[in-house]
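Step one of this worksheet: look at the structure below.
All of the numbers you see were taken from the coordinates with simple rules; none came from a lab. Everything numeric here is computed off the predicted structure, so don't read it as measured data.
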Amino acid sequence: MDDGSTTGCGCPPWCAGHDDSQEPRPPLGHRGEPIMLTVVERRYAFFSSGRTDALATTEFVVAAEQDRRGSYVYLGALEDVGRFFALTRDSARLLHSALGAALTSME
Ligand SMILES: [Zn+2]
């Protein structure tokens, strides 16, 4: 990571910075400080004995992101970079509202 200075790189104020040795300048995208969550999810797994949908504990990452196409809220599994959502702000707000409604309905 750099020294945290974002002056002159075009970073949004929430950008957590860039590794100059691994990323082009100017950067192609920006990511905020990650928020780590330990969640319990029902997840399908396949074994030689068959399929299961057992509960599993997983580390998730939530972070603000931005690239040339727009701004997103990233939500993905820490150990599986192929399993993620990158929702636009409007979509993230819809999901936030739907999660609240679903949780309220369960009370
Ligand atoms: Zn940045």
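List of remarks:
- Folded to 0 to 90 degrees: helix 89-105 orientation relative to the chain principal axis, Cα: 30
- Residue-by-residue Karplus 3J(HN,Hα) for region 71-76, coefficients 6.51, -1.76, 1.60, Hz, glycine and proline x: 10, 9, 10, 8, 9, x
- Of interest is the spacing of the C-alpha centroids, which for region 79-107 and region 14-29 amounts to 27 Å.
- Kirkwood hydrodynamic radius of the chain, Cα pairs, Å: 16.3
- Coupling constants for region 55-67 follow from the phi torsions by the Karplus curve (6.51 cos²θ - 1.76 cosθ + 1.60, θ = phi - 60°), and in residue order they are 6, 9, 8, 9, 8, 10, 10, 10, 7, 6, 9, 8, 9 Hz; glycine and proline get x.
- Added length on full extension, which subtracts the Cα-Cα distance from 0.36 nm per residue, L37 to T57: 6.2 nm
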